[in-house]
């Protein structure tokens, strides 16, 4: 698949992503650097519907998406494209991959929570700056789903 096709697929998928959906099982939670004055979250929902949540405490006004992912301790793999970094694997799903956005295969949809409501990400996770109590959400979805649901909202600690 060519880079512009990958970009188009990723952009189209993000453009069609919607807020809402049924409430999946409650995520498990933990917090790194819990004593910090601010907290941001990563919520991951697998294709199976199972989910997990990690919290990261930080001292500044914001934390970048890359730092949040790195400090959360959630396993992930990313690949760099002309448009920036894309996540290919989160929490060992898929177990193996050779392409980040394989045609007609699931992908990781990215959502951003800024105040209790998920919104489809308009850029890559490395471009996101999160404030206190905001979150990144990942949901592993089928490419054929025109409106993938976001993961459960974070349970704030």
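The values are calculated or read from the model by the stated rules, or taken from the named source; none is laboratory data. In this text the structure is predicted, and so the values were computed from the model without any measurement. We place every Cβ from the backbone using ideal geometry, glycine too, and count neighbours over all the protein chains shown.
What to note about this one:
- Within the range 109-128, tally of residues that are in contact (Cβ under 8 Å) with a residue 40 or more places away in the chain and surrounded by 15 or more Cβ atoms within 10 Å (Cβ to Cβ): 12
Every residue, every condition in (1) modelled with pLDDT under 95; (2) within 26 Å of residue 33 (Cα to Cα); (3) touching a helix residue (DSSP H, G or I) at 6+ places or on another chain (Cβ under 6 Å), yes or no:
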{"residue": "64", "(1), (2), (3)": "no, yes, no"}
{"residue": "67", "(1), (2), (3)": "no, yes, no"}
{"residue": "101", "(1), (2), (3)": "yes, no, yes"}
{"residue": "115", "(1), (2), (3)": "yes, yes, no"}
{"residue": "123", "(1), (2), (3)": "yes, no, no"}
{"residue": "127", "(1), (2), (3)": "yes, yes, no"}
{"residue": "139", "(1), (2), (3)": "no, yes, no"}
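- Looking at 149, 95, just one residue is part of a loop (DSSP other than H, G, I, E, B), free of Cβ contacts under 8 Å to residues at least 12 places away in the same chain and more than 11 Å from the chain's Cα centre (by Cα), and that residue is 95.
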